[in-house]
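The values are calculated or read from the model by the stated rules, or taken from the named source; none is laboratory data. Note that the structure is predicted; figures quoted are calculated from it, not measured. We place every Cβ from the backbone using ideal geometry, glycine too, and count neighbours over all the protein chains shown. Accessible surface areas use protein heavy atoms only, side chains included; no ligands, DNA or RNA. Shrake-Rupley method; radii C 1.70, N 1.55, O 1.52, S 1.80 Å.
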Amino acid sequence: MIKVSARGLAALGAAAATALAVSTWIYVDVQRELQTLAASNLRALLDAEASALETWIREKQVNVDRWSKDVRVIAAASAMNWTSLRSVAGDNAAALAACRGAVSDALVSAIDALRQSDAADGVNLVDRSGRVLAARSREYCGLTLTPERLQQLKPVFDGASVFAPPMSERERLSGAPNADARRPLVWFSAPVRNEAGEIIAALDIGKFADARFSSSLLAARPGSTGEAYAFDARGRMLSESRFRLELERRGAIKPGDSMILSVRLGGSQKDTSEHLTALAALALGSIARTDGELTGEVLQPYKNYVGQSVIGAWRWLPQYGFGIAVEAGRDEVFAPLRRVEAAYRLIAVLAGLVLMALLAATLWIQVLRGQRDEARQLGSYELLEQIAEGGMASVWRARHRLLKRPVAIKLLALRVASDEGLAR
């Protein structure tokens, strides 16, 4: 009986272990397939967002290139006579008068006539030294570009057109008034040539970043928690967020303020990498290396900048100087895994109970075997097997435990174990 029970328990344990192993394999395989599908979906959405933004940038850049070649823009730029104005050492009065006068107005009017329905929220004309020669905002007259912005415009004075991602006016202009109160803009720049073909200035056209640039990203919202956004090399968001209310509640931004350049991709507003999300840290670490990848995914759930568990994908656009990220909530991405996970947990619990019962039964069998072996000990003899039985006694084959000598032992039955029985 004990041998049969042991075999049954062993079979039951093997079945439980097999069920647990199979369910684990299924669970891991489903999770891996869902991760592959999620990565594919994130990449597809990332491709669509990058393509849409690049198309928009190229379209607007073509417009600015066309404006820079218009005869009215060239005439206004040439009429400024920058060389003679700046040749008077220390005399800025003439340059300021030209920037704030009719010639500058003519330039802005020409741009407004050309743009039709296209926005031109910022209009600047800049010389090679970075000085603002004409501007829609008169308070910018005479200011100079920051070294970083002037470096971005260097290709323009070599004959190319460039795009610059959102930047604050303080980052763009030295001494810009009310810089913190202004909405960030994206900038499209093109060279302005005179009749001789010489580049005499750069036409700088700004568009509010929270308009078309940000709205296309804000419209991409995978699920109820996912989003697409742009970011710069410092880990700052360059587009608006769907989590504005949450960020306002935390005090990260003030109600009504633009989130662009105000929110970092992490739990802190400090410019330190240890506060970045896993995706931002991976992306910025990669683009900082000369041989680093320009795209990637983070499929192990991590906390986004508002503390939600997400997975994501990113791509850096080196020709424009910013990156795009797409994130989706972990619970939504792996929603089909919930039922498999529940079934797996149930099987794991049942298998655990069976294995615990098996362990208890095994221990009990060991106890019974010990009691059986104990019962077969008779003094110095070990009873091996019964070889005969009569009306009053049974005969056992036995062995002396110390001498290892075989013997035969006769045991009286309990019903005759009396004085009379013993005497007989």
Practice task
Return yes when Asn124 is buried (at least 21 other Cβ atoms within 10 Å of the Cβ) and either touching a strand residue (DSSP E or B) at 6+ places or on another chain (Cβ under 6 Å) or of a type in the set (Asp, Glu) (or both) and no when it is not.
Solution key: yes
Exercise for the section: State which residue pairs qualify: first residue part of a helix (DSSP H, G or I) and inside the stretch 96-111, second residue buried (at least 19 other Cβ atoms within 10 Å of the Cβ) and of a type in the set (S, T, N, Q) in any location, beta carbons under 8 Å apart, and separation of 6 or more residues or different chains. Expected result: Ala98/Ser104
Exercise for the section: Look at Ala230 and say whether it is touching a Ser or Thr at 6+ places or on another chain (Cβ under 7 Å), touching a residue at least 24 places away in the same chain (Cβ under 8 Å) and of a type in the set (A, V, I, L, M). Expected result: yes
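Quick grid of which residues meet (1) under 30 Å from Ser239 (Cβ atoms); (2) at pLDDT 90 or above:
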residue	(1), (2)
Arg86	no, no
Leu114	yes, no
Ala119	yes, no
Val126	yes, yes
Leu133	no, no
Tyr140	yes, no
Val156	yes, yes
Handout entry: Sole exception among (1) open to solvent by 40 Å² or more (accessible area, probe 1.4 Å); (2) among the aliphatic types (A, V, I, L, M); (3) touching a strand residue (DSSP E or B) at 6+ places or on another chain (Cβ under 9 Å) for Leu185, by number
Key = (1)
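Being polar (S, T, N, Q), at pLDDT 85 or above and under 13 Å from Ala201 (Cβ atoms) narrows it down to one of Ser104, Ser68, Ser109, so name that one.
Residue meeting the stated conditions: Ser68.
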Handout entry: The one condition in (1) out of contact with any Phe, Trp or Tyr (no Cβ under 7 Å at 6 or more places or on another chain); (2) within 30 Å of Met80 (Cα to Cα) that Phe213 fails to fulfil
Key = (2)
Exercise for the section: Could you pull out every one of the strands (runs of 3 or more DSSP E) wholly within the stretch 142-250 that has 1 or more residues that are of a type in the set (Lys, Arg)? Expected result: 185-193, 199-208
Exercise for the section: Please verify whether the stretch 290-297 includes one or more residues that are modelled with pLDDT of 90 or more, more than 21 Å from Ser215 (Cα to Cα) and among the polar types (S, T, N, Q). Expected result: yes
Practice task
Have a look at Leu173, Leu145, Leu114 and point out the one that is buried (at least 21 other Cβ atoms within 10 Å of the Cβ) and in contact (Cβ under 8 Å) with a residue 40 or more places away in the chain.
Solution key: Leu173
